[in-house]
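The values are calculated or read from the model by the stated rules, or taken from the named source; none is laboratory data. What you are looking at is a predicted structure, and each value in this text was computed from that prediction instead of being measured. Methodologically, a virtual Cβ is constructed for each residue, glycine included, from the backbone with ideal geometry; neighbour enumeration extends over all protein chains shown.
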């Protein structure tokens, strides 16, 4: 986002009816053309001095258009309230990792008096709850579901960036090879690890619902991804609903994939970025700049996905290789481009809320108003 004053997108829509009315005025009949028949001679002799001329109408329309045009006056970055986006470190892969390496976010945020800090953290939103609660992290990638879980646990957090579903094999449910499980139906009576009130729990519930299986017939074991990885490797759980590097590593280690994200009939728990409401309200322009930068990088990843994997290290414990690397590159070619939340996104959030309510995941009600934040509309007042 360039540092210029722009007409808010909702205000821009309001100019269309005004221009349409001006255009109709120049073409429609004026009141002076409608006269009683008995006075037609007198009427034709009288000059129509009060009727607007075409030149006047065109000038009025031009004035309306000029007033609707964006104001491109450069904005002093100091006019925005200074904030720091304290972001969970993105690690070695993905759009955020590449943005960190190139300084793209730092450059964009500097135009709106904001900075970004990279905080060492776990690779899952729900695993970083304590850091989020303390304010050590105030901005984080996630899915819709863990934001709902955080709200139910008293952590105010709102989504300001959201993506469309994309055909990905980067998440799903994987079973241990020793369990003998080969399908979602085989999960009945089994123990499945999920990050409670997070994306893993949604992945399991949605898969069971779509396969006509009573979610109560499967034991959900709430355990965060870093600990679940060890439990999965030791065979202490039968299967694992997870995502990202956890999912890829489990499969690479011999796990049996039961369902991928791309297999779901309805994939509403999409990728989002959320932030503390107090920070969002201080400087919404900073979060608009963040979304625009993220979107541009996601577009770039479609063309050069190799640049977005093993961003900092091509070897070692955090590096992808072989089949895991190939899968990550394939997913990046179709990674969804984020945007600020709109009406269709609010409906998607509501559906995720309903899955959690129906299955007793949420202890307290959560509304869409609690969850979504539009930084563009916030700037419009």
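Key figures
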{"read-out": "Conditions (1) modelled with pLDDT of 95 or more; (2) closer than 30 Å to residue 114 by Cα; (3) not assigned by TED's automatic domain parsing to the domain that holds residue 93: number failed by residue 188", "value": "(2)"}
{"read-out": "Enumeration of residues in the range 228-257 that are closer than 13 Å to residue 194 by Cβ, outside any loop (DSSP other than H, G, I, E, B) and either in contact with a strand residue (DSSP E or B) (Cβ under 6 Å, 6 or more places away or on another chain) or modelled with pLDDT of 95 or more (or both)", "value": "228, 231, 232, 239, 240, 241, 242, 243, 247"}
{"read-out": "Residue in the range 321-329 that is touching a residue at least 60 places away in the same chain (Cβ under 8 Å) and either assigned to a loop (DSSP other than H, G, I, E, B) or touching a strand residue (DSSP E or B) at 6+ places or on another chain (Cβ under 8 Å) (or both) present", "value": "no"}
{"read-out": "Selection count, the range 72-91, where residues are at pLDDT below 95 and more than 20 Å from the chain's Cα centre (by Cα)", "value": "10"}
{"read-out": "Search result, residues across the range 332-381 that are in contact with a helix residue (DSSP H, G or I) (Cβ under 8 Å, 6 or more places away or on another chain), assigned to a helix (DSSP H, G or I) and over 18 Å from residue 277 (Cα atoms)", "value": "332, 333, 348, 350, 352, 353, 355, 356"}
{"read-out": "Cross-chain or 6+ apart pairs with Cβ under 8 Å, the range 230-255 first and assigned by TED's automatic domain parsing to the domain that holds residue 200 and under 11 Å from residue 170 (Cα atoms), then surrounded by fewer than 18 Cβ atoms within 10 Å (Cβ to Cβ) and at pLDDT 95 or above", "value": "251/257"}
{"read-out": "Conditions (1) surrounded by 23 or more Cβ atoms within 10 Å (Cβ to Cβ); (2) closer than 23 Å to residue 153 by Cβ; (3) under 17 Å from the mean Cα position of the chain (by Cα): number failed by residue 286", "value": "(2)"}
{"read-out": "Qualifying positions in the range 99-118 - touching a helix residue (DSSP H, G or I) at 6+ places or on another chain (Cβ under 7 Å) and under 22 Å from residue 225 (Cβ atoms)", "value": "118"}
{"read-out": "Residue in the range 95-106 that is under 16 Å from the mean Cα position of the chain (by Cα) and in the same structural domain as residue 294 (by TED's automatic domain parsing) present", "value": "yes"}
